[in-house]
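Written below as structure tokens is the structure these notes are about.
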Amino acid sequence: MIAQRYTYEINYRYLDAPRMVVVEAQTARFQEGSAARHLMHVHGGDASFEAAALQNSELLEDERVALDEADRLGIREISVKRLADEDTHRHDTQVTH
């Protein structure tokens with residue numbers, strides 16, 4: 001059985017420059033905290049944050065912690081919009097889990 005995939009447009013600012021990326025996920029609810037974690041990975045992330053997150057699963061799941069850490073790394077004003085199927089052909093996509 002093929003898993004349902006959803007496509008999301010993430011708009012954000014990285015080091016004060018506007019950016020946009022389109023991602024696919026297997027979840028119907030891809031929120032700002034999930035987007036922040038994805039964007040930290042895309043922009044190199046922070047090894048100490050990742051190590052701490054692996055040690056403490058609550059840290060990894062905490063939306064506020066993820067957003068605060070993203071802000072510290074220059075990733076701000078994150079907004080997520082789920083795209084309709086017909087909108088997805090217009091964008092290059094990255095797959096995330």
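Some observations on this one:
- In order along the range 64-80, the phi-based Karplus estimate (6.51 cos²θ - 1.76 cosθ + 1.60, θ = phi - 60°) of 3J(HN,Hα) comes to 5, 4, 4, 5, 5, 5, 4, 4, 4, 8, x, 9, 9, 6, 7, 10, 10 Hz; Gly and Pro are listed as x.
- Each other residue within a Cβ distance under 11 Å of Ala25 adds +1 if Lys or Arg and -1 if Asp or Glu, for a net charge of +2.
Computed from the coordinates by the stated procedures, all read-outs in this text should not be read as laboratory data. Bear in mind the structure is a predicted one, so any value in this text is a computation, not a measurement. Methodologically, a virtual Cβ is constructed for each residue, glycine included, from the backbone with ideal geometry; neighbour enumeration extends over all protein chains shown.
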